[in-house]
Amino acid sequence: MMVNKKEQYQKLVEKRQACRCCSDFGLKNGEEILKAKQKKDINEIGQWTASYTPTSKGSLNAKIVILGQDWGTIEEYNNFINSGEIGKFPTSEYEFNTSPTNKNLEIGLKEIDKEVDLKKGNFGECFMTNAILCYKTGKMSTKIKDENYRRCIQKFLYELLDIIKPEIIIVLGKQTFNAVVQCSKGNLVDEGNVYKKSWYYNRTILHGLKGNFKYCLKEHEILVFPMAHTGALGVLNRNRHQNAREFIKDWEDLSDYLNDNSILK
């Protein structure tokens with residue numbers, strides 16, 4: 001009997017809820033945090049998905065997967081739970097406006113789809129998730145080890161991609177993309193300089209490689225595009241390299257490439 005997407009996804013969510021493989025690194029599963037407050041865990045792969053692209057609204061049919069880094073700290077998640085925002089869709093305008101990551105991501109996504117309006121619940125054809133699905137100890141700036149990225153990607157990301165089967169993945173940030181490369185087991189193929197120019201940022205994060213990449217997931221090919229992280233620091237660093245428009249120019253170039261090659265049509 002064929003297992004449908006929703007059933008496959010539910011099993012993956014349950015697998016995430018039961019995972020404790022990075023607890024020795026100070027990372028805590030959202031299921032643990034909510035259980036301590038006598039609350040039920042969200043029925044999604046992660047909080048970013050629940051807040052902006054919930055599967056109850058059809059995001060399992062997304063053509064674009066946005067892969068971020070991590071949601072944040074245990075303290076921040078506790079504050080989020082206490083605010084009553086958990087389980088709400090669309091998320092409140094206050095929650096959206098206090099997150100440079102989400103605001104800048106929306107600016108970039110509008111280059112691909114003008115109708116995207118995350119704070120109003122219009123996520124277009126996107127599915128948003130993070131490489132790290134647990135919450136970290138410390139501050140927002142606390143670095144998570146590469147090993148944790150690899151563990152979480154190997155355990156959840158590729159299974160998620162096999163369920164959704166998107167056309168493209170937009171990977172935010174150097175550490176996230178490097179982990180994707182390390183976990184791809186040779187299935188990530190350099191497709192060359194498809195943007196017809198060298199991107200300083202892309203040359204930096206790919207250690208000499210540039211352009212876009214194709215990930216062959218079983219028989220399903222997915223184009224993978226590394227981008228600067230949309231958080232305040234990621235945008236600042238990206239714009240510092242050339243001029244104040246490099247961040248948005250990257251998204252304009254991505255939009256042009258997708259249009260020129262009839263991708264996402």
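The values are calculated or read from the model by the stated rules, or taken from the named source; none is laboratory data. Keep in mind the model is a prediction, meaning the values are calculated, not measured. Every residue, glycine as well, gets a Cβ built from its backbone with ideal geometry; the counts of neighbours run over all protein chains shown. Heads up: the accessible areas ignore ligands, DNA and RNA and are worked out on the full protein's heavy atoms, side chains in. Shrake-Rupley method; radii C 1.70, N 1.55, O 1.52, S 1.80 Å.
Values computed for the structure shown
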{"item": "Region 5-49 - Kirkwood radius from inverse mean 1/r over Cα pairs (Å)", "result": "11.2"}
{"item": "Largest to smallest principal axis extent of the C-alpha atoms in region 1-125, angstrom", "result": "44, 41, 25"}
{"item": "Convex hull volume per residue for region 103-157, taking Cα atoms only, in Å³", "result": "122"}
{"item": "In Å², nearest 10: area of W71 left accessible to a 1.4 Å probe", "result": "50"}
{"item": "Pairwise label distance in nanometres, K40 with L236, each label 7 Å out on the Cα-Cβ vector", "result": "4.2"}
{"item": "Out-of-range pairs (alpha-carbon distance over 30 Å; input K15/K57; K6/K114; K5/K120; K35/K114)", "result": "K35/K114"}
{"item": "Calculated FRET efficiency for the pair N97/F25, C-beta based, R₀ 30 Å, to 0.05", "result": "0.45"}
{"item": "Region 1-151, accessible surface, carbon-and-sulfur percent (1.4 angstrom probe)", "result": "49"}
{"item": "P(r) histogram, all alpha-carbon pairs of region 63-134 included - 5 Å bins from 0, percent", "result": "3, 14, 23, 29, 20, 8, 3"}
{"item": "Signed unit charges on C-beta, dipole axis of region 8-115, positive-most listed residue T49, I74, C19", "result": "C19"}
{"item": "Packing rank of 123-133, 31-41, where each peptide gets the mean count of other beta carbons within 10 Å, highest leading", "result": "123-133, 31-41"}
